[in-house]
Amino acid sequence: MRNPVLTVVTTASLIATQLATPALAQVTTLPYPPPGGPQIQPPRPGDNYAGTLRCESRNNKIQRCNVRTGNRVDLIRVIGGRCSKGRDWGFTASQIWVSGGCRAEFGYGYNYGGGGGYPVPLPQPVGDYAGTIRCESRSNRYEQCNVATNDRVELTRRLGGRCNAGRQWGYTASYVWVNNGCRAEFGYGYRNARPPEKDKDKGPSTGLIIGGAVVAGGLLALLLSKKKKTPTGEETTTTEPVTYPAGPPATLSANLSSLPSAARPSVQNCMNDAARQIGATGGSRLTYDRLVNLEQGNGGWRIRAAMTATYPDGARSIEMYCRATPSQIIQLDFS
């Protein structure tokens, strides 16, 4: 005699299985990405580097190690010193740099045969952008998000933290960067793969942006090219800026011991940002020569100082004016 309880349970199980199968298929066979606009796919798991490189800062000096990075560099192993990304080490398309005693081994580039590659934007461009990307600075750390920007990036939505262009975020032709807790979504590139006619001559230096970082207008004046001769032999002065490859922050040489102790954190903040701008415009060194004026006001300090910036074509005497607190730059310019 058949067991009636077993028959009922078996029949119910078959019915439940038949009902569940179509529902599962509907969940796992969506042919399109979910709605909500394009996102950026993260790199595939695994290292898949093109190679590794040891780069070392000796005696706390900046060291540049030339290599084709593919705009992708990861710290694999700290050999010695402090190695904080964006402060003690960083990279460009053609080099890895270290400073402040950082000694480390880095993985760079992409091994395409191993399945690596740039993050790939999904379809469905938003507005006139090629796509959007979310880039987040966690624990106030510097972060780079690789994407072909076509030298156009705009902040579309702030998710958290302070996000001022050139200070907490910026970009190059191949990535968007964020720092100091900025978390945001950015629109990048052009939907039609090229800038509109009115913007076709725009580059990252337009609007006081060089190398994805805001640069003071006074500093751009220092980059004006020298007099050139016309085909007829006449001399003419051009206002087109001389461009040097953007690099890491310039090496800063500044003894602030003679300044009031209360002013030093604010002045140091000014000096650090000035060194960043000198580096972004291709300079390699910034030296503090003498104090012109220093006064306190509005919760911060105002400093005017004579400095020397070193560029590939020689040294330039500049005067820096800055208003700042220990944590914020209010104004910075050069003359």
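Using 0.36 nm per residue of separation minus the Cα-Cα distance, give me the extension gain between N111 and E319 in nm, one decimal.
Details: separation 208, 0.36 × 208 = 74.88 nm, distance 4.65 nm.
Gain on stretching N111 to E319: 70.2 nm.
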Open item on the list: Need the full-extension length gain, I79 to E154, defined as separation in residues times 0.36 nm minus the C-alpha distance. One decimal, nm.
Closed with: 23.2 nm
Open item on the list: I want the local charge near L259. Using Cβ-Cβ distances under 13 Å, sum +1 for each Lys or Arg and -1 for each Asp or Glu among the other residues.
Closed with: +3
Task: Segments 162-172, 289-299 sorted - mean Cβ within 10 Å per residue, highest first - done: 162-172, 289-299
Task: Where labels lie 7 Å past Cα in the beta-carbon direction, separation of S327 and V292 in nm - done: 3.0
Task: Net charge contributed by nearby residues that have their C-beta within less than 11 Å of R157 (K/R +1, D/E -1) - done: +1
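All other residues with a Cβ under 14 Å from the Cβ of R183 taken together, and with Lys, Arg as +1 and Asp, Glu as -1, what is their net charge? Kindly include the intermediate steps, with their values, before the conclusion.
Working: positive: R134, R138, R141, R157, R158, R162; negative: E136, E143, E185.
Summing Lys and Arg as +1 and Asp and Glu as -1 gives +3.
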Open item on the list: Based on alpha-carbon atoms only, what is the radius of gyration of the range 51-109 relative to the globular estimate 2.2 N^0.38 Å?
Closed with: 0.95
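With the contact rule set at Cα under 8 Å and sequence spacing of 6 or more, what percent relative contact order holds for the range 51-109? List each step's numbers first, then the result.
Details: 152 pairs, mean separation 31.1, N = 59.
Rounded, it is 53 percent for the range 51-109.
Every read-out reported here was derived from the displayed coordinates using simple, explicitly stated rules and does not represent laboratory data. Worth saying up front: this structure is predicted, and the values here are computed from it rather than measured. Positions of Cβ are generated from backbone atoms using ideal geometry, with glycine treated the same way; all protein chains shown enter the neighbour counts.
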